[in-house]
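Chemist: Have a look at this one before I ask anything.
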Amino acid sequence: MRNVDDIDRQLLELLQQDATRSYAALGTAVGLSAGAVHERVRKMRERGVIRRTSVDVERPRSGRACWPSP
């Protein structure tokens, strides 16, 4: 299993800030193509480095008092 390198760390930091960024935007930020970023993210998911992607809902602003738990 390959360790997380500096580019992977940069990608993880960017994804933690905004997980909705496109692979193209991530690639521009780290100097890689969108395809290369997609492959790196896929491999980090396979290795369990990235476990899930989630949405943090601001409940009062969502218009609902509560949402069902997953």
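Chemist: How many nm separate the modelled label positions at Glu46 and Asp18, each set 7 Å beyond the Cα in the direction of the Cβ?
Modeler: For Glu46 paired with Asp18, the spin-label model returns 2.9 nm.
Chemist: Additional query: How much accessible area per residue does segment 1-61 have, in Å², with a 1.4 Å probe?
Modeler: 76 Å²
Chemist: How many nm is it between the label spots at Gln10 and Ser54, if each spot is 7 Å from the Cα in line with the beta carbon?
Modeler: Result for the modelled spin labels: 2.8 nm.
The values are calculated or read from the model by the stated rules, or taken from the named source; none is laboratory data. These numbers come from a predicted model, not from an experiment. No Cβ is skipped: glycine too gets one built from the backbone with ideal geometry, and neighbour counts run over all protein chains shown. When the accessible area is computed, the model is the full protein with side chains, heavy atoms only, and any ligands, DNA or RNA have been set aside. Shrake-Rupley method; radii C 1.70, N 1.55, O 1.52, S 1.80 Å.
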